[in-house]
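Notes follow once the structure below has been shown.
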Amino acid sequence: MSMSAGRVALSVVGALGALTGLFALVISGGMSHWLVFGAVLVASGMLLLWTGLRGPLPGPLAWAAIVVLTVAGMALSLLVVREQVCCMFVYHHDLGYPWSWLLGYGEAETMTAVEELRARAGDLPRHVHRGRFLAGTAFWAGAALLLVLPVTLLWRRAER
């Protein structure tokens with residue numbers, strides 16, 4: 001029995017996601033955002049692997065819902081702010097969850113100037129960290145998969 005290219009792709013992506021999640025859990029050091037990231041990737045990766053091997057394939061509506069939920073998750077993650085002062089008066093004001101992917105920072109000569117930067121954090125120049133953006137997208141796509149695929153499965157069973 002041969003598998004379709006779509007099933008093979010889902011299986012490979014699922015296995016890679018689960019392995020990435022396991023790696024994140026191992027290196028987490030107990031940090032909550034690493035644990036959440038790893039758990040979501042392991043669970044969604046295993047679900048994709050199962051779907052690729054034996055489960056029902058999601059239809060176009062399910063994939064559209066996954067994309068919409070992923071984009072919504074990325075947008076909502078911008079409400080999470082991480083602030084840090086380091087390196088002799090460099091102020092970081094980063095946005096995103098589980099990884100800060102929209103980064104802003106400013107340099108100052110004194111702590112008073114750092115506090116002024118903090119008061120105007122919205123004016124700091126921003127840039128997207130591509131690696132963290134991809135990791136965040138993988139996280140939110142995994143969360144969306146964990147919501148949509150079980151609903152798809154239940155829906156199909158109810159139709160029978």
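Just a few scattered comments:
- Counted charge near SER77, where neighbours are those whose Cβ lies closer than 13 Å (Asp, Glu -1; Lys, Arg +1): +1
- Ligands, DNA and RNA left out, the 1.4 Å accessible surface of the range 1-87 is 78% carbon and sulfur atoms.
- Virtual spin-label span in nm between VAL85 and VAL36, 7 Å along Cα→Cβ: 2.7
- Positive contributions from Lys and Arg (+1) and negative ones from Asp and Glu (-1), summed over other residues with Cβ under 12 Å from the Cβ of LEU117, come out at -4.
- Each residue of the range 45-160 gets 108 Å³ once the volume of the Cα convex hull is shared out per residue.
- From most to least packed by mean Cβ count within 10 Å, the peptides 29-41, 146-158 give 29-41, 146-158.
- Over the chain, Cα pairs under 8 Å with separation of 6+ residues give a relative contact order of 22 percent.
- Accessible surface area normalised per residue over the chain is 60 Å², counting heavy atoms of protein chains with a 1.4 Å rolling probe.
The values are calculated or read from the model by the stated rules, or taken from the named source; none is laboratory data. Quantities reported herein were computed from a predicted structural model and do not represent experimental measurements. Here Cβ is always computed from backbone atoms with ideal geometry, including for glycine, and neighbour counts include all displayed protein chains. Surface accessibility is based on the protein's heavy atoms, side chains included, excluding ligands, DNA and RNA. Shrake-Rupley method; radii C 1.70, N 1.55, O 1.52, S 1.80 Å.
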